[in-house]
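The values are calculated or read from the model by the stated rules, or taken from the named source; none is laboratory data. Predicted model only: the values in this text are computed from it and were never measured. Here Cβ is always computed from backbone atoms with ideal geometry, including for glycine, and neighbour counts include all displayed protein chains.
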Amino acid sequence: MKKTLLCTALVVAAQASATPNLQGYYQSKELVNYTVNKIQQNKAEYFMLDYALQLPAQAQAQLASYNSALGHFQANNSGVNEDEFKRIVQKVNPEGLSDQYVCRVDVSGVKLAYVARKGEDCSSNYDNKPMAMSKKGTKVTFFRRWDFDPTQPHFDIQSYDNNVTANTETLTLDYVLKFEGRWIGSSVRVIKGQTTLNSGSTQATYDVASYNYSGPRSGIITGGESLLYSDIPYFITDNTEDTATDHSANHVAKTVFNTFGLMDGNYRGRNVNTNSPVYWVNRDYVSQYTLENGDKAYFVSDPQNFVIETSMTGPSDSWVWVDETVWDPEKDTDQASSGDWVSHAFNNTHNLTGESPTFCMIEDIAKDRPVTGYFTEDGKGEWLPSMHNCKAVDPGYIPKIYTHFTNGNGEKVAVSSLRQSAKDIMYVRTQHPQGEKELLTLDDVKAMKSSSRYKQIKADLSQRLGWAKPYDILK
């Protein structure tokens, strides 16, 4: 395996998610880190099978020595600390620290390896194997089957393709399961490339896309699909005026991030109130902000939304998350002062879910005050105060003090660890106008849906959920 991505110690979690609850640009940013870390984790977790791929194909399972596998790994990943490596393997795959029997077969030009039993006959019929790995050309694929119960297998698949000729690294992650006779799940693709700027320097570029499919509505379970992508690959530099000489990528601050979704479930909005499926579209405009210490940071200046029934007729909802706006009859926006921009930026930055902090709670965090929310006695109703008067609470609401919040990975995040970030977001929130872009229109949505980039990315990623069997991807 190439070692391009293994530039630091393997400090990654055993179980993580690609944070599908994040929106637009924030999800794109998270997916870059997530995919890199996931491939790094796999290089440790699958190192026995990586070694086995170097062995000749045989008809029966053969013994793979741990010491031989470790030597092969270190030769291809120099600079990795052995103690740290063992700690990671112990966490994600303890069996990897001992000798194992493996099967090594060739299937239509593809090298395939999987963990086997002593004396087992080897073949390409690895349907029920929990772990397998394959190599075809420059692409390496990691495959895992999770059986949560005998009738509910889940498949976790990642591929890493290092194309030296094209100077690109393509990482794909798929998580699928069968539900009511059809495959549902998610597919993520990150293409890391390189571009030359007009200044003469080179810069890494990212083309990030994520497709999620949950099928049609089933009882109370909402169905649908969504596709996240940017209008063009992007790069990040401190100078937002930097341009790519071949125009193949834009600065992140000049890139628009789109999420085109179909929600098959009940929707209740300002103008749209329906039990029929709706298109729910997000469009993010990103701006560069300067932190108090002078560092540059990027947040979505205009997080826009548009909802309409899939017939694309009738009323629609179109709005943008902002801290406050004055009613504008032409834009049909109302006075709002709940601090929506701050809460949207903060909660997405930290992937906070469930009881996510409001503007006033984020202000509490920044100023090192007790972080206080207000709820009805039954806990079902929450008071959302004005950002201009956080302590003005109607009677009947009971204060609740928070010491932590929960992120999309189910991890508890201590309030104290969020203090600097809260101060940063409070500091930068007035640097750029909010809601200055034109709101999404039906014509914008139609143009997005008919664009060649949307069609191509959707076709590429949605087909990954169309296998007869998920393990066919190994071939």
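Restricted to the stretch 16-40, and to residues there that are modelled with pLDDT of 85 or more and over 18 Å from Phe260 (Cα atoms), the residue that is surrounded by the fewest Cβ atoms within 10 Å (Cβ to Cβ) is Val32. Going through (1) over 25 Å from Gln463 (Cβ atoms); (2) in contact (Cβ under 8 Å) with a residue 24 or more places away in the chain one by one, Gly223 falls short only on (1).
Write out, first by first residue and then by second, each pair whose Cβ atoms fall under 9 Å of each other, whose residues are 6+ apart or on separate chains, and whose first residue, in the stretch 289-311, is without any contact (Cβ under 8 Å) to a residue 12 or more places away in the chain while the second is surrounded by fewer than 23 Cβ atoms within 10 Å (Cβ to Cβ) and not polar (S, T, N, Q). Close Cβ pairs satisfying both conditions: Asn293/Asp424; Asp295/Asp424. Residue count for the stretch 418-434 under the criterion of being touching a residue at least 40 places away in the same chain (Cβ under 8 Å) and surrounded by fewer than 12 Cβ atoms within 10 Å (Cβ to Cβ): the result is 1.
Cβ separations smaller than 6 Å between residues 6+ apart or across chains give the following pairs from the stretch 363-376 residues that are in the same structural domain as Asn389 (by TED's automatic domain parsing) to residues that are modelled with pLDDT of 90 or more and charged (D, E, K, R): Ile365/Arg419; Ala366/Lys423; Val371/Asp364; Gly373/Lys400; Phe375/Lys400.
For Gly137, the conditions (1) without any contact (Cβ under 8 Å) to a residue 40 or more places away in the chain; (2) within 17 Å of Thr35 (Cα to Cα) all hold with the exception of (2). Do the conditions hold for Arg464, that is, is it surrounded by fewer than 18 Cβ atoms within 10 Å (Cβ to Cβ), in contact with a Phe, Trp or Tyr (Cβ under 9 Å, 6 or more places away or on another chain) and modelled with pLDDT of 75 or more? Considered against the rule, which asks whether it is surrounded by fewer than 18 Cβ atoms within 10 Å (Cβ to Cβ), in contact with a Phe, Trp or Tyr (Cβ under 9 Å, 6 or more places away or on another chain) and modelled with pLDDT of 75 or more, Arg464 comes out as no.
If the condition is being surrounded by 16 or more Cβ atoms within 10 Å (Cβ to Cβ) and in contact with a helix residue (DSSP H, G or I) (Cβ under 9 Å, 6 or more places away or on another chain), then the stretch 354-371 contributes Ser356, Pro357, Thr358, Phe359, Met361, Ile362, Glu363, Asp364, Ile365, Ala366, Val371.
Restricting attention to the stretch 113-143, the residues that are surrounded by 19 or more Cβ atoms within 10 Å (Cβ to Cβ) and assigned to a loop (DSSP other than H, G, I, E, B) total 3.
Exactly one residue out of Ala209, Ala204 is among the small types (Gly, Ala, Ser) and crowded, with 20+ Cβ neighbours inside 10 Å: that is Ala209. Scanning the stretch 144-196 for residues that are among the hydrophobic types (A, V, I, L, M, F, W, C) and buried (at least 20 other Cβ atoms within 10 Å of the Cβ) returns Phe155, Ile157, Leu171, Leu173, Val176, Val188, Val190. When the test is whether a residue is of a type in the set (Lys, Arg) and modelled with pLDDT under 90, Lys296 does not pass it. The criterion of at least 2 residues that are charged (D, E, K, R) and either in contact with a Phe, Trp or Tyr (Cβ under 9 Å, 6 or more places away or on another chain) or touching a residue at least 40 places away in the same chain (Cβ under 8 Å) (or both) is met, among helices (runs of 4 or more DSSP H) falling completely within the stretch 18-85, by 24-45. For beta carbons closer than 7 Å, sequence separation of 6+ or different chains, a first residue in the stretch 445-468 that is farther than 19 Å from Trp280 by Cα and a second that is assigned to a helix (DSSP H, G or I) and modelled with pLDDT under 95, the qualifying pairs are Trp467/Ile473. Taking the criterion of being in contact with a Cys (Cβ under 9 Å, 6 or more places away or on another chain) and either on the phi < 0 side of the Ramachandran plot or not assigned by TED's automatic domain parsing to the domain that holds Gly109 (or both), the residues of the stretch 51-94 that qualify are Ala52, Ala57, Gln58, Ala59, Gln60, Ala61, Gln62. Filtered by the rule that a residue be surrounded by 12 or more Cβ atoms within 10 Å (Cβ to Cβ), of a type in the set (A, V, I, L, M, F, W, C) and closer than 22 Å to Glu30 by Cβ, the stretch 391-417 gives Phe405, Val413, Val415.
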